[in-house]
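Below are the structure tokens for one structure; questions will follow.
The values are calculated or read from the model by the stated rules, or taken from the named source; none is laboratory data. Quick caveat: nothing in here was measured; it's all calculated off a predicted structure.
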């Protein structure tokens with residue numbers, strides 16, 4: 001799961017990079033699952049990624065066994081909704097919950113309960 005990065009028990013910050021063109025089951029680039037995992041993106045371009053079997057084109061979050069999983073975006077570009085640079089089928093997917101889409105300069109935080 002995750003075409004580029006998987007987080008089990010880790011806290012990681014990914015600053016000012018481009019995450020583009022990844023494809024994978026679940027989260028095309030970031031899959032945060034199984035244990036307490038936090039992934040934070042800061043000023044990052046996250047576009048043109050695709051999930052091949054449901055989930056989010058940029059990130060897929062699960063909270064198996066009641067563990068805390070979080071995903072934070074600070075000023076990131078997730079592509080324009082419905083355009084060629086968008087992530088597919090959505091940007092962030094929370095297992096058992098909903099899909100969330102974001103655009104340019106997006107600042108938000110997600111947990112297994114949802115995104116704010």
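Tell me which of these residue 72 doesn't satisfy, since it passes every other one: (1) at pLDDT 85 or above; (2) over 13 Å from residue 109 (Cα atoms).
Unmet for residue 72, out of (1) at pLDDT 85 or above; (2) over 13 Å from residue 109 (Cα atoms): (2).
Does residue 66 satisfy the criteria of being at pLDDT below 80, on the phi > 0 side of the Ramachandran plot and more than 10 Å from the chain's Cα centre (by Cα)?
On the way: at pLDDT below 80: yes; on the phi > 0 side of the Ramachandran plot: yes; more than 10 Å from the chain's Cα centre (by Cα): yes.
Yes, satisfied.
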